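Chemist: Before I ask anything, let me first share the structure, which is written out below as structure tokens.
The values are calculated or read from the model by the stated rules, or taken from the named source; none is laboratory data. Quantities reported herein were computed from a predicted structural model and do not represent experimental measurements. A quick note on method: Cβ atoms are made from the backbone with ideal geometry, for glycine too, and the neighbour counts reach across all protein chains shown. Note: accessible area is taken over every heavy atom of the protein model, side chains too, but ligands, DNA and RNA are not part of it. Shrake-Rupley method; radii C 1.70, N 1.55, O 1.52, S 1.80 Å.
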Amino acid sequence: MTSLFLNNHYFQKLELLCKEQHIYTDCTLNREKVAEKLGISAGYLSQIVNTISGDNFANYINNYRVEAVKEMISNSEFDNYNLLAMGLESGFTSKTTFYKAFKKVTG
């Protein structure tokens, strides 16, 4: 991994969008929307995410969603939510997608 990508301004902006604005909770979020927010092409966004995270865009976003679910599990505010409801709240669009991603991330 080159330092050119590691210190990539767009990737840093993407991390901020995820960590501070929680853009991953938008269930209609896609590469094109994020690329537009960052002012770059969807192809370049993919290249950056693949190179820096070693994963594709969808998995990168799903990791944030799974982490959000894990936080909800340990937060008593969400005691009345079941696992699927937490997944949907975190931006997943279906039970299948959520369970696959959750299993992949948590084992």
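Chemist: Compare Asp79, Asp26 by solvent-accessible area with a 1.4 Å probe and give them largest first, with all protein chains kept in place.
Modeler: Ranked from most to least accessible, the order is Asp79, Asp26.
Chemist: Also: With only alpha-carbon pairs counted, each pair once and no self-pairs, how large is the Kirkwood hydrodynamic radius of region 1-100 in angstroms?
Modeler: 14.2 Å
Chemist: With each pseudo-label sitting 7 Å past Cα toward Cβ, what's the Ser94-Asp55 distance in nm, one decimal?
Modeler: 2.0 nm
Chemist: With every protein chain present, what accessible area does Tyr99 have (1.4 Å probe, heavy atoms only), rounded to the nearest 10 Å²?
Modeler: 100 Å²
Chemist: Treating only the Cβ of Lys, Arg, Asp and Glu as charged (+1, +1, -1, -1), what charge dipole size does the chain show about its Cα centre? Round to the nearest 20 debye.
Modeler: About 340 debye.
Chemist: Let me ask something additional. Would you work out the relative contact order for the chain, in percent, from Cα pairs under 8 angstrom that are 6 or more residues apart?
Modeler: Relative contact order of the chain: 26 percent.
Chemist: Now a separate question. So, for the chain, what is the accessible surface per residue at a probe of 1.4 Å, expressed in square angstrom?
Modeler: 60 Å²
Chemist: Hydropathy first: keep DSSP H helices in the chain averaging at least -1.0 on Kyte-Doolittle, then drop any whose Cα extent along the axis falls short of 20 Å, and list what survives.
Modeler: 57-73
Chemist: For the chain, build the charge dipole from Cβ charges (+1 Lys, Arg; -1 Asp, Glu) around the Cα centre, then report which of Leu29, Ala42, Met72 sits farthest towards its positive end.
Modeler: Farthest towards the positive end: Ala42.
Chemist: If the elastic network links every pair of Cα atoms under 10 Å, which of Ser46, Ser76, Ser90 fluctuates the most in the Gaussian network model of the chain?
Modeler: Ser76
Chemist: Give me the net charge of Asn82's neighbourhood, meaning all other residues with Cβ under 12 Å from the Cβ of Asn82; Lys, Arg count +1, Asp, Glu -1.
Modeler: After counting each charged neighbour, the total is -1.
Chemist: Heavy atoms only, 1.4 Å probe, whole protein assembly: order Lys37, Lys13 by accessible area, highest first.
Modeler: Lys37, Lys13
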